[in-house]
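Down below is the structure, laid out as structure tokens.
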Amino acid sequence: MDTAQQIAALLDKEKIPGHVAIIMDGNGRWAEGRGKSRLEGHEAGARNVKVITEACQELGVRVLTLYAFSTENWRRSKQEIDSLFQLMGRYLKQYSGQLHKTNVRLLHMGENDGLPAKTVNDIQKGLDLTRNNYGMDVCVGFNYGGRREIVRAARRLAEKVRQGELSPEEITEDLFAEHLYLPMHNEVDLLIRTSGEYRISNFMLWQISYSEIVVTPTFWPDFSKEEFFKAIQEYQTRLRRFGGRP
Ligand code: IPE
Ligand code: IPE
Ligand code: MG
């Protein structure tokens with residue numbers, strides 16, 4: 001047994017988080033430290049997605065959400081953005097096949113509007129291929145912003161009110177959550193951010209209201225199975241109160 005497996009063996013199987021969300025940060029700094037290009041950092045980051053998906057499957061995590069490209073990442077150079085989308089397209093193809101073989105459903109959390117047509121097409125193919133799988137859900141945030149998601153939900157509700165389908169009093173937290181991108185996954189149990197940044201960067205603002213948070217200094221391409229299992233271990237030491245008294 002390697003160290004990762006030893007840690008996994010010690011975990012409480014009754015307390016595996018159902019939904020883990022990850023802000024996969026630090027690809028650029030990982031590359032910089034190795035004298036590589038930012039793109040090589042993103043390549044290494046993309047490869048690591050497979051490692052962590054497998055780790056989730058081993059533990060029985062039901063939902064993994066990954067922040068891949070934010071609505072603010074458009075502020076980067078055109079060169080970085082173009083090469084990122086090219087790379088994502090390539091990985092989506094490979095990755096969807098692997099997900100499909102292991103009964104995983106791929107979901108997209110974010111806006112197609114603004115994405116290159118080719119990327120939308122690559123995403124759609126992955127969604128179509130894995131549509132009927134039920135082992136686990138992997139949700140990927142391409143062109144995702146938490147504020148954008150909340151505004152979109154508000155607009156959809158406002159439209160229903162305008163059409164006379166709904167009255168304002170009927171808008172509850174549950175109904176609001178039904179208008180988010182992925183209404184079936186609107187609670188995150190564990191939020192992980194790599195690369196040591198203590199911020200949310202506009203990720204899942206609604207869904208993380210009672211998430212446990214683990215921040216690790218490790219850059220995303222180096223975030224191994226062992227580290228992932230350690231994050232779960234840390235999660236299992238937390239007492240989740242949800243505002244009540246234990
Ligand atoms: C995360 O790595 C990947 C994306 C945001 C697309 P970064 O590219 O943000 O890496 P750093 O933060 O510059 O190291
Ligand atoms: C968050 O990382 C977005 C993704 C991981 C896709 P950023 O690197 O964009 O976040 P900031 O700019 O450091 O807050
Ligand atoms: Mg970053």
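Structural remarks
- Fewest neighbouring Cβ atoms within 10 Å first, the residues 167, 70 line up as 167, 70.
- Most tightly packed first, judged by the mean number of other beta-carbon atoms within 10 Å of their residues, the peptides 93-104, 72-83 read 93-104, 72-83.
- In this rough spin-label picture, where each label sits 7 Å from Cα along the Cβ direction, the residue 82-residue 3 distance is 4.2 nm.
- Within the range 204-246, chymotrypsin sites (Phe, Trp or Tyr not before Pro) in DSSP loop having at most 10 other beta-carbon neighbours inside 10 Å: 242
- Distance between modelled label sites at residue 37 and residue 62, nm, 7 Å Cα→Cβ extension: 4.3
- The chain: DSSP helices with Cα axial extent of at least 27 Å and average Kyte-Doolittle hydropathy no lower than -0.5: 38-59
- Taking the centroid of alpha carbons for each part, the range 28-60 and the range 152-219 are 26 Å apart.
- Projected label points at residue 239 and residue 201, each 7 Å from Cα along the beta carbon direction, are separated by 3.3 nanometres.
- Here the Kirkwood formula, the inverse mean of 1/r across different C-alpha pairs, assigns the chain a hydrodynamic radius of 19.0 Å.
- Our estimate of slack between residue 117 and residue 152, defined as 0.36 nm per intervening residue step minus the Cα-Cα distance, is 10.5 nm.
Read-outs throughout are calculated quantities, based only on the coordinates presented, and are distinct from any laboratory measurement. This one's a predicted model, so the numbers in the text were calculated from it and none came from an experiment. Because the Cβ atoms are built from the backbone with ideal geometry, glycine has one as well, and the counts that use them run over all protein chains shown.
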